[in-house]
Amino acid sequence: MSINLPKDPTPIAKVPSTENKTGGWRTFRPVIHYEKCIRCYICWKFCPDAAIHFAPPEAHESPKEALAKFDTVEINYDFCKGCGICANECPVNAIELVLEENFRGDEE
Amino acid sequence: MKKLTIPEEEYMLPGHTACLGCGATIAMRYVLKALGKNTILSIPACCWAVIPGVYPHRNLEVPLLYTAFEVTGAAISGIREALDALGKEDVNVVGFAGDGGTADIGLQALSAAAERGHNVFYIMYDNEAYMNTGIQRSGSTPMGAWTTTTPGGKKRMYKWEPKKSVAEIMVAHHIPYVATATIAYPEDMISKLKRAKEIKGPKFFQILSPCPTGWRHSPDKTVEVSRLAVQTNIFPLYEVINGKYKISIKPKNPKPVKEYLRLQGRFRHLTEEEIAMIQKNVDENWKALLKKERCSQEEE
Ligand code: SF4
Ligand code: SF4
């Protein structure tokens, strides 16, 4: 049996890892309580999975009028692994870790 | 509108395969935010060799050349010289290796690259053991730590040799820039990287990157542990520019090192006497660092 190698057999990894939905690893789901969130972006800054992104100011409620002009944050549950760093670092405890089973219907 | 303290651009994609709460991943995220898209990385065997995912996956928006464990220093030297020959002098060339691949296996290639004076960055992300292969001790594992090759027990010991000071080894190479950093202080890390970017020649960074898997702490504590490392003086943040030391953060009232140790399962076995011994060691190292800062500034 012969193996036909391409002309340049150097493997180049070209497919973005975003194909790999690591959200399935999660035991705890971080849930943002927007009525507390002061839009400081500390959670965004420390997320090891770059799973927190910005959303327009009006996308969520704000605890104070003065904060309502700033962008807000959202968690991408396709990728968040549930490490809890965001919840641990949030200065106003706006992020709650909830067991993932609470979000699934009974399979029976 | 938003007020950010670090660059917004993201060059590290999600979907990677790092453990949850991985400190080394946060380190890479900041390094690329600081250096930008015009960067080429080389990574040897280490956690970061598997984090991007299996072929054909990638999780970085910049080119990455995988290399063998011991040759990161040689690989980045080659990339640099090739780019210079092509006239592409504005590209950042970065070696990104773990502590095993830096303090132990890759030390000679790093030393040679530094001595030859190539215009490169070498970043040691220090998670204080061979984590990717199952938490074996490295030269950078701290005193008193449990690892799978220093498991403790009646006959076999925990790791009691002091942590090798790789940053100091690099200072002894008389390169223009050496710094320590850690993930709890991204603004500090990024400003150092940007400062280093303006300097031609070898630039070395040692970035303390807590590892929940190997340090046996809860994954949500990664940033907290990193912060405590600085607040207890067990991992001081400083930079050495052309031989001149400058301490970046001097904690007003340093916390007892016990607070740092007690968050981590790898130090669970430590007795009060052993903790006191580690504290003494930390205090001595801190005093020595203050002295180096004073002496090197006085020479002016
Ligand atoms: S739990 Fe971890 S992975 Fe998920 S959003 Fe928070 S910091 Fe990111
Ligand atoms: S850290 Fe907390 S307050 Fe700050 S943006 Fe995130 S959720 Fe909001």
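Scan the range A:33-42 and give yes if some residue there is at the interface with chain B (Cβ under 9 Å from one of its Cβ atoms) and more than 10 Å from ligand 2 (Cβ to nearest atom), otherwise no.
No, that holds for no residue.
So which residues in the range A:50-92 are part of a helix (DSSP H, G or I) and touching a Lys or Arg at 6+ places or on another chain (Cβ under 9 Å), if there are any at all? Working first, answer last.
Of the range A:50-92, the ones part of a helix (DSSP H, G or I) are A:57-59, A:65-67, A:85-89.
Scanning the range A:50-92 gives A:PRO57, A:LEU67, A:ILE85, A:ASN88, A:GLU89.
Among residues belonging to the range B:1-27 that are of a type in the set (Asp, Glu) and either surrounded by 23 or more Cβ atoms within 10 Å (Cβ to Cβ) or more than 7 Å from chain A (Cβ to nearest Cβ) (or both), point out the one that is farthest from B:THR39 (Cα to Cα).
Filtering the range B:1-27 down to residues of a type in the set (Asp, Glu) leaves B:8-10.
If we keep only those that are either surrounded by 23 or more Cβ atoms within 10 Å (Cβ to Cβ) or more than 7 Å from chain A (Cβ to nearest Cβ) (or both) too, we end up with B:8-9.
On the way: B:GLU8: 17, B:GLU9: 14 Å.
Looking at residues that are of a type in the set (Asp, Glu) and either surrounded by 23 or more Cβ atoms within 10 Å (Cβ to Cβ) or more than 7 Å from chain A (Cβ to nearest Cβ) (or both), I get B:GLU8.
For the range B:58-89, which residues satisfy the criterion of being at pLDDT 95 or above, farther than 24 Å from B:GLY214 by Cβ and in a loop (DSSP other than H, G, I, E, B)?
Passing the criteria: B:GLU61, B:VAL62, B:PRO63, B:VAL71, B:LEU86, B:GLY87, B:LYS88.
I'd like the full set of residues that are more than 15 Å from B:ILE249 (Cβ to Cβ) and either crowded, with 21+ Cβ neighbours inside 10 Å or modelled with pLDDT under 95 (or both), limited to the range B:224-236.
At the first step, the residues of the range B:224-236 found to be more than 15 Å from B:ILE249 (Cβ to Cβ) are B:224-225.
Hit for the range B:224-236 is B:VAL225, nothing else.
Has the range A:34-47 got any residue that is of a type in the set (Phe, Trp, Tyr), under 21 Å from B:GLU10 (Cβ atoms) and outside any loop (DSSP other than H, G, I, E, B)?
Of the range A:34-47, the ones of a type in the set (Phe, Trp, Tyr) are A:34, A:41, A:44, A:46.
Next, only the ones that are under 21 Å from B:GLU10 (Cβ atoms) stay: A:41, A:44, A:46.
After this cut, where a residue has to be outside any loop (DSSP other than H, G, I, E, B) as well, the list is A:44, A:46.
Checked the range A:34-47: at least one residue is of a type in the set (Phe, Trp, Tyr), under 21 Å from B:GLU10 (Cβ atoms) and outside any loop (DSSP other than H, G, I, E, B).
Could you tell me which of the residues B:GLN297, B:GLN206 is closer than 30 Å to B:PRO151 by Cβ, in contact with a strand residue (DSSP E or B) (Cβ under 7 Å, 6 or more places away or on another chain) and outside any loop (DSSP other than H, G, I, E, B)? Break it down stepwise before answering.
Numbers: B:GLN297 fails: closer than 30 Å to B:PRO151 by Cβ.
So the residue among B:GLN297, B:GLN206 that is closer than 30 Å to B:PRO151 by Cβ, in contact with a strand residue (DSSP E or B) (Cβ under 7 Å, 6 or more places away or on another chain) and outside any loop (DSSP other than H, G, I, E, B) is B:GLN206.
Within the range B:200-220, how many residues are more than 22 Å from B:ASN281 (Cβ to Cβ), more than 16 Å from ligand 2 (Cβ to nearest atom) and over 15 Å from the mean Cα position of the chain (by Cα)? Talk me through it step by step, then tell me what you get.
Of all residues in the range B:200-220, those more than 22 Å from B:ASN281 (Cβ to Cβ) come to B:200-205, B:212-213, B:218-220.
Narrowing the set further to residues that are more than 16 Å from ligand 2 (Cβ to nearest atom) leaves B:200-205, B:212-213, B:218-219.
Filter once more, keeping what is over 15 Å from the mean Cα position of the chain (by Cα): B:200-202, B:212-213, B:218-219.
Counting residues in the range B:200-220 that are more than 22 Å from B:ASN281 (Cβ to Cβ), more than 16 Å from ligand 2 (Cβ to nearest atom) and over 15 Å from the mean Cα position of the chain (by Cα) gives 7.
Only one of these is within 10 Å of ligand 2 (Cβ to nearest atom) and either within 8 Å of another protein chain (Cβ to nearest Cβ) or among the charged types (D, E, K, R) (or both): A:GLU101, A:GLU89. Name it.
Working: A:GLU101 fails: within 10 Å of ligand 2 (Cβ to nearest atom).
Being within 10 Å of ligand 2 (Cβ to nearest atom) and either within 8 Å of another protein chain (Cβ to nearest Cβ) or among the charged types (D, E, K, R) (or both) holds for just one of A:GLU101, A:GLU89, which is A:GLU89.
With (1) free of Cβ contacts under 8 Å to residues at least 40 places away in the same chain; (2) under 24 Å from B:PRO7 (Cβ atoms); (3) more than 9 Å from chain B (Cβ to nearest Cβ) as the list, and A:ALA50 as the residue in question, which single condition is left unmet?
(3)
Step by step: first the residues of the range B:176-202, then only those that are of a type in the set (Val, Ile, Thr) and surrounded by 22 or more Cβ atoms within 10 Å (Cβ to Cβ), then the one that is farthest from the other protein chains (Cβ to nearest Cβ). Which residue is that? Reasoning before the result, please.
Of all residues in the range B:176-202, those of a type in the set (Val, Ile, Thr) come to B:178, B:180, B:182-183, B:190, B:199.
Narrowing the set further to residues that are surrounded by 22 or more Cβ atoms within 10 Å (Cβ to Cβ) leaves B:178, B:180, B:182-183.
On the way: B:VAL178: 25, B:THR180: 19, B:THR182: 12, B:ILE183: 8 Å.
Applying the filter and picking the extreme gives B:VAL178.
Please state which one of A:LYS64, A:LYS36 is at pLDDT below 95 and over 12 Å from the mean Cα position of the chain (by Cα).
Details: A:LYS36 fails: at pLDDT below 95.
Exactly one residue qualifies, and that residue is A:LYS64.
Which condition number does A:PHE70 fail, the rest of (1) away from ligand 1 (no atom under 11 Å from the Cβ); (2) within 11 Å of chain B (Cβ to nearest Cβ); (3) surrounded by fewer than 20 Cβ atoms within 10 Å (Cβ to Cβ); (4) within 30 Å of B:ALA49 (Cβ to Cβ) being met?
With respect to (1) away from ligand 1 (no atom under 11 Å from the Cβ); (2) within 11 Å of chain B (Cβ to nearest Cβ); (3) surrounded by fewer than 20 Cβ atoms within 10 Å (Cβ to Cβ); (4) within 30 Å of B:ALA49 (Cβ to Cβ), A:PHE70 is out only on (4).
Here's a check for you: in the range B:28-57, which residue that is assigned to a loop (DSSP other than H, G, I, E, B) and under 18 Å from B:THR102 (Cβ atoms) is nearest to the other protein chains (Cβ to nearest Cβ)?
Start the filter on the range B:28-57 by keeping residues that are assigned to a loop (DSSP other than H, G, I, E, B), which leaves B:36-38, B:44-46, B:51-56.
With under 18 Å from B:THR102 (Cβ atoms) added as a condition, the list becomes B:44-46, B:51.
Numbers: B:PRO44: 16, B:ALA45: 16, B:CYS46: 16, B:ILE51: 9 Å.
Per the criteria, the residue is B:ILE51.
Residues are listed down the side, and each one gets a yes or a no for (1) surrounded by fewer than 22 Cβ atoms within 10 Å (Cβ to Cβ); (2) among the small types (Gly, Ala, Ser); (3) near ligand 1 (Cβ under 10 Å from one of its atoms):
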{"position": "A:ASP49", "(1), (2), (3)": "no, no, yes"}
{"position": "A:CYS80", "(1), (2), (3)": "no, no, yes"}
{"position": "A:CYS90", "(1), (2), (3)": "yes, no, yes"}
{"position": "A:ASN93", "(1), (2), (3)": "yes, no, no"}
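So, in the range A:57-67, of the ones that are surrounded by 15 or more Cβ atoms within 10 Å (Cβ to Cβ) and more than 16 Å from ligand 1 (Cβ to nearest atom), which residue ends up nearest to the other protein chains (Cβ to nearest Cβ)?
In this case the residue turns out to be A:PRO57.
Taking into account only those residues within the range B:221-232 that are among the β-branched types (Val, Ile, Thr) and more than 16 Å from ligand 2 (Cβ to nearest atom), which is nearest to the other protein chains (Cβ to nearest Cβ)? Break it down stepwise before answering.
Within the range B:221-232, the first condition is being among the β-branched types (Val, Ile, Thr), and the residues that meet it are B:222-223, B:225, B:230, B:232.
Pick out the ones that are also more than 16 Å from ligand 2 (Cβ to nearest atom) and you get B:225, B:230, B:232.
Details: B:VAL225: 10, B:VAL230: 15, B:THR232: 18 Å.
Restricting to residues being among the β-branched types (Val, Ile, Thr) and more than 16 Å from ligand 2 (Cβ to nearest atom), the top hit is B:VAL225.
The values are calculated or read from the model by the stated rules, or taken from the named source; none is laboratory data. Predicted model only: the values in this text are computed from it and were never measured. Ideal geometry is used to build each Cβ from the backbone, glycine not excepted, and the neighbour counts take in all protein chains shown.
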